[in-house]
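The values are calculated or read from the model by the stated rules, or taken from the named source; none is laboratory data. Fair warning: this is a prediction, and the values are worked out from it, not measured in the lab. Neighbour counts are summed over all protein chains in view; Cβ atoms, including those assigned to glycine, are modelled from backbone coordinates with ideal geometry. For the accessible areas, the whole protein counts, side chains as well, though only heavy atoms, and no ligand, DNA or RNA atoms are used. Shrake-Rupley method; radii C 1.70, N 1.55, O 1.52, S 1.80 Å.
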Amino acid sequence: MFDIGFSELLVIGVVALVVIGPERLPKVARTVGHLLGRMQRYVNDVKTDISREMQLDELKKLQSQVVESARTLESSVRQELDAAKSSFEGVGQEAQSALAELQATAAPVEVARLDSLDDMGPSPVPGPGPASVEAAVSPTPEAVPSPSPRKIDQTSPVA
């Protein structure tokens with residue numbers, strides 16, 4: 001704190017002994033010691049308060065940075081989400097228009113196909129139109145009977 005050497009303390013002690021006297025010197029020394037202790041505690045409290053305030057300011061700055069970065073992250077995520085949503089909506093609209101176009105072109109083709117089948121005459125396979133023609137062309141495995149194995153009766157005599 002102060003740059004006081006041993007020789008300077010000795011001079012202060014001798015002057016205090018002469019001025020104050022040997023009877024009151026211990027009381028004065030004790031009081032000075034208490035005052036110095038209080039002063040040191042007060043200085044330490046002020047130092048800790050200042051360091052706490054500095055830490056609090058740093059934490060507030062850090063908090064504001066975190067909040068700002070969270071806001072920027074949220075806005076970027078919202079922008080990406082909106083962009084993805086609009087692109088999906090665009091794809092959905094394109095798909096719906098393509099489906100409508102396909103349905104519009106498929107309906108005349110079906111009518112023309114049915115008309116061409118009617119022009120061919122009666123179907124050789126009984127049934128209602130093109131479905132029975134497809135069934136006649138490619139039979140299913142259930143439609144073809146499979147031969148069942150015969151059992152040989154070994155109890156009866158063979159002639």
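So here's what we get for this one:
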{"read-out": "Two-site FRET efficiency, Q63 against Y42, from Cβ-Cβ distance with R₀ of 41 Å, rounded to 0.05", "value": "0.85"}
{"read-out": "Nearest-10 value in Å² for the accessible area of L73, using the 1.4 Å probe", "value": "110 Å²"}
{"read-out": "HN-Hα J in Hz across the stretch 80-87 - Karplus 6.51, -1.76, 1.60, θ = phi - 60°, x for Gly and Pro", "value": "5, 5, 5, 5, 5, 4, 5, 5"}
{"read-out": "Given charges at beta-carbon only (K, R positive; D, E negative), |dipole| of the stretch 1-63 in Debye", "value": "260 debye"}
{"read-out": "Cleavage-rule hits, chymotrypsin sites (Phe, Trp or Tyr not before Pro), the stretch 1-42, DSSP coil, Cβ neighbours within 10 Å at most 14", "value": "F2"}
{"read-out": "Computed accessible area, V14, all protein chains, 1.4 angstrom probe, square angstrom", "value": "80 Å²"}
{"read-out": "Distance between modelled label sites at V18 and R71, nm, 7 Å Cα→Cβ extension", "value": "7.2 nm"}
{"read-out": "Sum of side-chain charges, M39 neighbourhood, beta-carbon under 14 Å (Lys, Arg +1; Asp, Glu -1)", "value": "+2"}
{"read-out": "Solvent-accessible area of K85 with every protein chain in place, 1.4 Å probe, in Å² to the nearest 10", "value": "120 Å²"}
{"read-out": "Solvent-accessible heavy-atom area per residue, rounded to whole Å², over the stretch 1-112 at 1.4 Å", "value": "91 Å²"}
